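K.L.:
This is the structure, below, for whatever I ask next.
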């Protein structure tokens, strides 16, 4: 089961590692109740990240997404099931 996975925790981690100029993290877990990877509480498993960062300059879309995924590895290890990334 996921523990401690919140939009605020994800936001803090991304802010620390990627110094974003724009950042929004939305917990979409409740919309996925009953879906594989959702826990009984319906929270903490599915998130959407909208992010802009100077670290994305000059790198491919895939590399940008990889930076976000790598920054959040601790959460995927804890049970984060789905992450939608929108690069701004």
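The values are calculated or read from the model by the stated rules, or taken from the named source; none is laboratory data. Given the structure is predicted, the values throughout are model-derived calculations rather than measurements. We place every Cβ from the backbone using ideal geometry, glycine too, and count neighbours over all the protein chains shown.
K.L.:
Take segment 57-88 and flag every residue that is touching a strand residue (DSSP E or B) at 6+ places or on another chain (Cβ under 9 Å) and part of a helix (DSSP H, G or I).
P.N.:
Passing the criteria: 61, 64, 65, 68, 69, 75, 76.
K.L.:
Under 7 Å between Cβ atoms, which residue pairs at least 6 apart in sequence (or on different chains) link something in segment 72-88 that is on the phi < 0 side of the Ramachandran plot with a partner that is exposed (fewer than 15 other Cβ atoms within 10 Å of the Cβ) and at pLDDT below 90?
P.N.:
Every condition considered, the pairs that remain are 78/3; 78/4; 81/37; 82/37.
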